[in-house]
Every structure is written in structure tokens, then in C-alpha cells.
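The values are calculated or read from the model by the stated rules, or taken from the named source; none is laboratory data. This one's a predicted model, so the numbers in the text were calculated from it and none came from an experiment. Glycine gets a Cβ as well: all are built from the backbone with ideal geometry, and neighbour counts include every protein chain shown. In case anyone asks, the SASA skips ligands and DNA or RNA and just uses the protein heavy atoms, side chains included. Shrake-Rupley method; radii C 1.70, N 1.55, O 1.52, S 1.80 Å.
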Amino acid sequence: MKSRTKAVVIGGGIAGCSTLYHLCEEGWTDVVLIERDELTSGTTWHSAAQVTNFGMTQTMVGLKSHSIALYKKLRDDPDYPVGYHHGDGGIRLANTEGQMQGYRHFASMARGMGVDYEVIDAAECARRHPLISTENLLGGLWDGEDGDIDPAQLCQALAFHARKAGADVYRHTSVTGLTQHEDDTWTVHTDKGDIDCDVVVNACGYRVNEVGAMMGVQHPVAALEHQYFVTEDIAAISEAGHRMPLLRCPISDYYSRQEKNGLLVGFYEQDCKTWGLDGISPDFSNDLCPDDLDRVMEVLEGAFQRMPVLAEVGIKRVVNGPITYTIDGAPLVGPIPGKRNAYCIIGLRAGLGEGGGHGWLLAQQIVHGEACYDTWVIDPRRFTAHATVELTALKAIEDYQNEFRFHFPHEHRPAGRPAKTTPLTPVLAAERADFTVVNGWERVDYLKPNPDFHFTPSFGFDETFDLVAAEVRNLAEHVGLTEVNGFNRIEITGRDAHWFLDRMICGTVQKREGRVGLGYLLNHHGTIKCEATIANLPASHRGPGRIWYGSAAASEYHDMDWLTANIGPDEDVHLRSLTNDQTILVLAGPKARAVLSDCARGDWSREAFPWLSVRECHIGFAPATVMGVSFSGELAYEIHVPNASLYAAYLALRAAGEAHGLKLFGARAVESMRMEKGFLHWKADLLTEFDPFETALDRFVKLDKGEFVGRRALLGRQKDEPNKRLVTLAIDTQRFPAHPGASLMQGNRVIGTVTSGHWGHRVGMNLAYAFVEPEYAETGQQMVLDLCGEHTAAEVIEKSPYDPNFSRMRA
Ligand SMILES: Cc1cc2nc3c(=O)[nH]c(=O)nc-3n(C[C@H](O)[C@H](O)[C@H](O)COP(=O)(O)OP(=O)(O)OC[C@H]3O[C@@H](n4cnc5c(N)ncnc54)[C@H](O)[C@@H]3O)c2cc1C
């Protein structure tokens, strides 16, 4: 065994083999894979190995398309051909109009990735899959690329090509420990000796937390038992003259594909079972859990009704094996939070279909620092401290029980809630707040008119429309109050704090005490990494002069990792997270100044405390830090309060607000208002795929200020035409908001993709942001938006249709 290599990939299932192969493809050939047994002896060997092209975001579609292209290449490779049935096609069934609407949206989204899904009616489903009945069926989504692959051959082929490129594969070698050194390199300890390396990758399937524990990490991954059976031959299949397409059923929670001349049918039973949470026998390898078909009887009945032929045919083989899930169903592929030079590719529940693509995106991140797509939907840092294995198990069960039922917009399922709360959560609930979830935090979504009010999550405008309109109206005419919890807050101190930020931010960094500024951090490719508010707090009895770096709640681990990784060896910079200690109360509207003046001592006049100021004060008697910033476009204050004083500050604001018409508002009202102002959301509109010029943030870039992270790459990008440009669109429909991913068309050609959409209640317009080809980015350009299958006129308008001179927020 080698004593040194560049990267060690631990685990020889599809995740590890794909990572090894793609590291070689990206140019790292001095790499090693370590597998405790034979390749594929974890979950991979017994997988049903269906390879589908369906994804709910463009990143997922893109990576799955990569899997398919790669598998076709391997199938056709004479050196090491892989058994792959490509193009059997597949149908996702639907029995509600809501599901059909969703499928039409996903078809619009996938078109932007060059993938054609087809939404078909029930009769067409039955024509393409002659074994199904159309009872209780509306139709489905057809994906012509679906198929299945031989999992063992696939992994062997990936390992074969990696070896040919220079990689080593050590089988029957267990990783027993990991040691990280001061220079951030690693020693991987195995039962056959040690290997030093720069980078380690955890690809250990259901043993993820055994290896995680070796580096002091517990990953939010839980395994469940999952079963399928294979039938005897079915005459109708042998006689059909074509292979049966794959089937996925959200009505009865099963899938099927053809296996030889029979069917393979797998189940997602409600009575499901976690596996291995309290430890896994070291001997469990190439192994299965005991069959338990009793558990799946209910689902089986649904499958029998849809495919009556199943009732007439014998079962040849049952497979019950562990399958891994995360909190939101998508895997964890990328840097391990809080660690340097450590990555994971874990929590894969559809690893054969997705594994080719995940290994590709991970290898790009390891070798180049960033992948070709924005990978936030699979980034391990999207879950933070609430993501215990216990919570993951609850969400995993819920997700498994809803395997083929996609989330509708604004749908947050109940398991594992509430995960993160503040002292105000029950108070706001008593005020009839309904909550959305942001990085585990329960955040006010809108206020219910009565305790029994419910909305039906849908792709159309829902029952909350008028309620949100009223919240916006009150705020724009009087004043509104809401809680923004979990907002990421990092305190930056040290001699070089400002110099450090100057190096990290691509524009002017506000350095004056008592002032606040907005800045963008780029990666080494010159595209957008983070967005931050920088507030300079003067020295006071609360502490010395310090900087507060504020960013989106979801970015808590992401931004901390990025800042930490970039502190120079000689820089005196100290970072401290305040995220879980402080909460923001946002006071917004023309009467916000009056409310603040009535409950906080001091001069809050425009002259004494202009827009973009920061000051420490008391709200009533509660200590607070107030910033004059606005995401609504109205005069507004962010009031940062330690959680222990939050309720006191809230009571003081409510009392002062009574005389000024203060009412609560929620996140949906914020969405509506920020879209009217042209304000962007991190990871919706601010993506690693685009630079700040493409994102219409020119005024936040200062190329001549000296070196900053990403400057050279950004200058390089300037030499080429921009790829796309972000625009604001007015959409000519009152039926649907524009959904992220929806395609914009000129004729049959996709020329852009929506990133955000919401009704603008103050301007009375249906608004969207989208990245479009530069020639269509001028104001007045007309195009067509494919919105849930309906073709709707869209027009580029000014970026900020409400109060374009920003006079209201500066009032
Ligand atoms: C019944 C069933 C049906 C499925 N059907 C499909 C399907 O149709 N389509 C699809 O896409 N997906 C399907 N899946 C899911 C898919 O099989 C998995 O997502 C995939 O196999 C996971 O691969 P992996 O590489 O992450 O994990 P694994 O295959 O479990 O590989 C992990 C490897 O790490 C090794 N390892 C662990 N610890 C150590 C250590 N300390 N040192 C060295 N090596 C170690 C293990 O021995 C193992 O080989 C199915 C799963 C099940 C259970």
C-alpha cells in the first residue's frame, strides 16, 4: 500500500467509485480508494439500480443527465462493457390535478437543461405501459431516458478506468481512524497500515457515521430498511415486443421496472423501519435484512390494482436492504462543515441513478473549488446544529412515506418541527402566525385570520393571497413588525478585520463606525459565493469596536467555513458566531420611526440616524442594536436583540406601535416586497454559476480597489460575453406565481430560467427574476414563460418597479 497520495476515498460503492473515477477525469490521478470488503458490498450490490432522469431542480436534472451520458459511454466501451438498459422510459403517475400541474412545472424546468419530459394522460400511460389499469389515474410524467443498470459492473468499470488513469483501489482494507495534522493534511489509518493524504472523502453508505466519528462528526444521515421483490416471468412481457417502462406511483408508493421477463416491484410502506441507528455489526457486508413482506401488504394492494397481472404471478426473490436518507431527501455531497480538506458523498437514496453525477460534481469541487452547477441543493452545510441523527430519522421516515410525493410550493411537512425556535415562537403562534421553516427555524410566514385557517399548497396562487396583500398594505401605509430568526451573524474582531473583509468583498467595504454596507464575496472563479451586510459597531460598554457580518439564515455554516478558510496565516482576525444568540425584529413602514422614537431613547431623526446607520440602544429596557436597513423598500429598522430580552423588546414595540397602526407581517409579505425592489435572495438569485455583473450587481464591484478574492478570475470573465443576465419580469397571468426553474422561451428555444417569483402587491404585478441570454435582457423585451404548461407573456421591466428612486426607505 502507498504511504502518500493526494486523496483517499473511503468506500467502494457507487459513491466512492464514481468519485474516484471523476477525480481522475478532473486531473487528480494520484488517488486511492479504500474498501473494507469487495467493491459494492454495502447497499450498491443489491440495488434495484433504476436510472432515472427526473429531478426537481436544474442541478439535480443536470447531474442525472451526466450519469446517463456516462453510463451510455461505459456501456459502449469495448474494454469493459456495462449492462445498461437505457431508454426503456418511465412514468410517474398522478391522480390529482395538483400533481399534474407539478409535473408540467418540472417539464418546463427540465427543458432549460435540455431534457424533455412529457406530461401524458391516463390512456397514453396505459398505451406505453400495457400492464397498467387506468382506474383512478389522471396521467403522468414520461421520461424517455429512464432505464436500469448492472450496479456491480458499473462500479467495476469505474474502478477499472480510474486504475488505468493511475488510481489505486485497496480492497479488504478497513479505515480504522483519521488524524488531521496542523497543515490540514490527513493520515488515514487502516488495518493494513497508514496513508498520508491531502484530502479525505467519506463515501461509506450506511456506515457513514462510523467514519464520521473518526473525525468527530455526526452526519445527518439515517438508514431505513427498503424492500423489493422480483416476479416469475410474465407472458405479457415476453410478448410485448418492447421492454416495460419504469413506473413510480405516488398514490400507492411503489415502483417497478422490468427484470428479465418479469417485474421488479419496490415498496415505500407507511410502516417503515429505521436500521442501524444504534450500531451496525461489523460482519454486515454483502448482506441483507430479513424479508418482511407483511409490512408492505397495504402498498402491495395498490400495486396489484394498478398492475393486475401481479396477482397472477409468483414471487421469485425478495430483497430487503438498508437505504440512506437525509433531512430533505437530497444527499450530502461537498465539504464537511467545520472541517478542512474533508468531503463527503453520503445519504444517497437513489445512488445508482444519481451517483455518476454526484461523483462528478464532488470531484469538481475538490479539484477546482467549485462545480459547474450551483450545488447548494446537495451541499452538506445546508443543515446546521438542529440536524441531529434523531431529527434526521424522523424526517427520513416522513420522506420515505412520501417517496414519490413531491413538495408543493410553501409545503413544510410536520416531522421534526419545531426544530429551532426563539422565546417569541409561542407568542407569535398565539397571534395566529403560520410558520415556514428556514434552516430549521420556525419563521412567521403569514398571519391567519382565524385559528382554523389552512391553505392548500399548490403551484397556483393560494388562499393566503388576500391576507398577504393586507399585511403589505398595512406596512406600506402604517407600520409592520416581524421576527427574522436565525439570521446568520458573525462578529469579526482583530487588528486586520477590515483589511480581511476588504480582501474578501469585491466592492467598497464600509469602514466608518456607526455605518452599515452591503457587500458580495466571490469565489476563486469570480462568481458569487456569499452576500453580507457589514455593520461597524463603535466601542461601548458592551464591547470594543467590532464588525457584525450578517447573511442569510441558511448560510450559517457555509459562510463561517468560507471566512475561516480565507484568514491568512499572519492576519489577526477572529470570528465568533452570534447566530443562535440574537434575533432580529424588523420594524418597517412610514411610521416605523415614530414607533421607534416612542420606545427607544435617543434622537432617531433622519439627520441623527440616516439610512444605513447602526446604533446600540434599548427598546424599552431591553438591550438592542438597531440598523437602518430595509428589505421591504419602506423606511425600516432591523432591531437585533439578545434572545433573553427578545420578548421584552417585542412587548415594548407592540405597545409603542398601538398608536401607529402596527400589525404583524410574515415572510410571504417580505417576498412580495423584496421582489418589487429588485432585492435578491442568496441561493435563489445569487448563485455560483454567475458573476456579479451577470447578476446585475455592477455597483457592488470595484475592480480598481486592489486585490480581492476572485478579482483575477472576474477580470478574465470580462473578456468573454456574459453568459446570462439577471432581469426583472412582469408576467401576464393571475393564475400562477412564476416558479424557480421555469423556462423562458423565444419560439421553441429556451433563453432563460426563472430564479424567483411573487405577486407584487404594491405595484399590482406578477413579478419574476430570471437569468436570460444577454440579447433579451433589455427593458421592454418580450418573451414567453412556460408556467406549469401554460404559455404566458413576460416582459423585461425596470429592476425596481416600486419606488425606483429608493426615496421611501431613505425617508
Ligand atoms: C432495496 C434497494 C433498492 C434500491 N433501488 C435503487 C434504484 O432503483 N435506483 C437507485 O438509484 N438507487 C437505488 N437504491 C439506492 C442505492 O442502491 C444507494 O443509494 C447506493 O447503492 C448507495 O451507494 P453508496 O456508495 O453511497 O453506499 P454503499 O453501496 O453502501 O457503499 C459504501 C461502501 O463503503 C464501505 N465502507 C464502509 N465503512 C468502511 C470503512 N471503515 N473502510 C472502508 N470501507 C468502508 C462499505 O463496505 C461499502 O462498500 C436502492 C437501495 C435499496 C436498499
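Can you list the aspartates and glutamates whose alpha carbon is less than 16 Å from that of K511, not counting same-chain residues fewer than 8 positions off?
Straight-line reach from K511, under 16 Å: E491, D496, D502.
Report, ordered by chain and residue number, the aspartates and glutamates lying within cross-link reach of K2, taken as a straight Cα distance under 18 Å and ignoring same-chain residues fewer than 8 apart.
Excluding near neighbours in sequence, the set is D30, E35, D168, D191, D194, D196, D198.
Report, in degrees rounded to the nearest 10, the 0 to 90 angle that the Cα long axis of helix 556-566 makes with the longest principal axis of the chain.
80
Hey, got a sec? Which chymotrypsin sites (Phe, Trp or Tyr not before Pro) in region 399-458 land in a DSSP loop and have at most 14 other Cβ atoms within 10 Å?
Qualifying residues, ordered by number: F453.
In nm, to one decimal, how far is the modelled label at N286 from the one at K192, with both set 7 Å along Cα→Cβ?
So the two model labels end up 1.6 nm from each other.
Positive end of the charge dipole of region 707-772 (Lys, Arg +1 and Asp, Glu -1 on Cβ, about the Cα centre): tell me which of V709, T728, N766 has its Cα farthest that way.
My answer, from the dipole projection, is V709.
Which order, highest average first, do 488-494, 39-45 follow once you tally other Cβ atoms within 10 Å for each residue and take the mean per peptide?
39-45, 488-494
Accessible area per residue for the chain in Å², computed with a 1.4 Å probe and the full protein assembly in place, what is it?
Details: 29870 Å² over 811 residues.
Value for the chain: 37 Å² per residue.
Over 31 Å between Cα atoms, which of K448/K677; K273/K420; K192/K395; K420/K799; K339/K420 qualify?
Listed pairs above 31 Å: K192/K395; K420/K799.
Suppose each label sits 7 Å from its Cα in the direction of the beta carbon; what would the A385-A165 distance come out to in nanometres?
Taking the two extended label points, one gets 4.0 nm.
Dipole size in debye (nearest 20) for region 1-127 around its Cα centre, Lys and Arg Cβ +1, Asp and Glu Cβ -1?
Details: 12 positive and 15 negative charges, 59 e Å.
Charge dipole, region 1-127, about its Cα centre: 280 debye, nearest 20.
When the chain is fully extended, how far beyond the present Cα-Cα distance does R473 get from R542, taking 0.36 nm per residue of separation?
Separation in residues times 0.36 nm, less the Cα-Cα distance, equals 21.1 nm.
Enter the angle in degrees (range 0 to 90, nearest 10) between the Cα long axis of helix 646-657 and the first principal axis of the Cα atoms of the chain, meaning the one along which they spread out most.
50
For L703, put the label point 7 Å out on the Cα→Cβ axis and report which residues of region 718-743 keep their amide N under 19 Å from it.
The answer is 718-726, whose backbone nitrogens lie closer than 19 Å to the label point.
List the relative contact order of region 678-811 as a percent without decimals, with contacts defined as Cα pairs under 8 Å and 6+ residues apart.
The normalised contact order for region 678-811 reaches 24 percent.
Loop only by DSSP, 16 or fewer other Cβ within 10 Å of the Cβ. Give me the trypsin sites (Lys or Arg not before Pro) in region 100-203 that pass, ordered by residue number. Before the final figure, lay out each step's value.
Working: sites: R104, R111, R127, R128, R163, K164, R171, K192; in loops: R171, K192.
Answer by residue number: R171, K192.
Relative contact order for the chain using alpha-carbon pairs under 8 Å, separation at least 6, rounded to a whole percent?
With pairs under 8 Å counted, the relative contact order is 12 percent.
Rounded to the nearest 0.05, what FRET efficiency is calculated for E312 and D720 with R0 set to 45 Å and r the Cβ-Cβ distance? Display every interim value, and only then the final one.
Working: r = 62 Å, r/R0 = 1.37.
The computed FRET efficiency comes out at 0.15.
Note down the magnitude of the dipole of region 81-176 about its Cα centre, charges +1 on Lys and Arg C-beta and -1 on Asp and Glu C-beta and zero elsewhere, to the nearest 20 debye. Numbers along the way, then the final one.
Numbers: 8 positive and 13 negative charges, 88 e Å.
My answer is approximately 420 debye.
Straight distance only, please: which lysines reach the Cα of K64 with their own Cα at less than 21 Å, same-chain residues fewer than 8 apart left out?
Cross-link targets: K72, K73, K683.
Tell me, what is the percent relative contact order of region 553-650, built from C-alpha pairs under 8 Å that lie six or more residues apart?
28
Could you give the length gained by full extension between K73 and T29, i.e. 0.36 nm per residue of separation minus their alpha carbon distance, to one decimal place?
Working it through step by step, the gained length comes to 13.8 nm.
In the chain, if the dipole is taken from +1 on Lys/Arg beta carbons and -1 on Asp/Glu beta carbons about the Cα centre, which of V468, G517, M60 is farthest to the positive end?
Of V468, G517, M60, it is G517.
Hey, got the dipole for region 175-310? About the Cα centre, +1 on K and R Cβ, -1 on D and E Cβ, debye to the nearest 20?
660
Set the Förster radius R0 to 22 Å, insert the Cβ-Cβ distance between D184 and E571 as r into 1/(1 + (r/R0)^6), and round the FRET efficiency to 0.05.
Once the sixth-power term is evaluated, E becomes 0.85.
Between region 18-90 and region 277-348, what is the C-alpha centre distance in whole Å?
Each part reduced to its Cα centre gives a spacing of 18 Å.
Quick check: net charge around W186, other residues with Cβ under 15 Å of its Cβ, Lys/Arg +1 and Asp/Glu -1? Intermediate values should be presented prior to the final figure.
Numbers: positive: K2, R4, K6, K339, R340; negative: D30, E182, D183, D184, D194, D196, D198.
Counting the neighbours of W186, the net charge comes to -2.
What percent antiparallel are the DSSP beta bridges of the chain, to the nearest 5?
Counting only bridges with both partners in the chain, antiparallel ones make up about 85 percent.
In whole percent, how big is the carbon plus sulfur part of the accessible area of the chain, probe 1.4 Å, protein atoms only? Present the calculation step by step, with values, prior to reporting the outcome.
On the way: 14770 of 29870 Å².
Within the chain, the accessible surface is 49 percent carbon and sulfur.
Considering amide H positions built from the backbone, and no H for Pro or chain starts, which residues 5 or more places from T755, or on another chain, come under 5 Å of its amide H?
G741, Y769, A770, F771
Work out, step by step, the length gained on full extension between H412 and H172: first 0.36 nm times the residue separation, then minus their alpha carbon distance; give nm to one decimal.
Gain on extension, H412 to H172, equals 82.1 nm.
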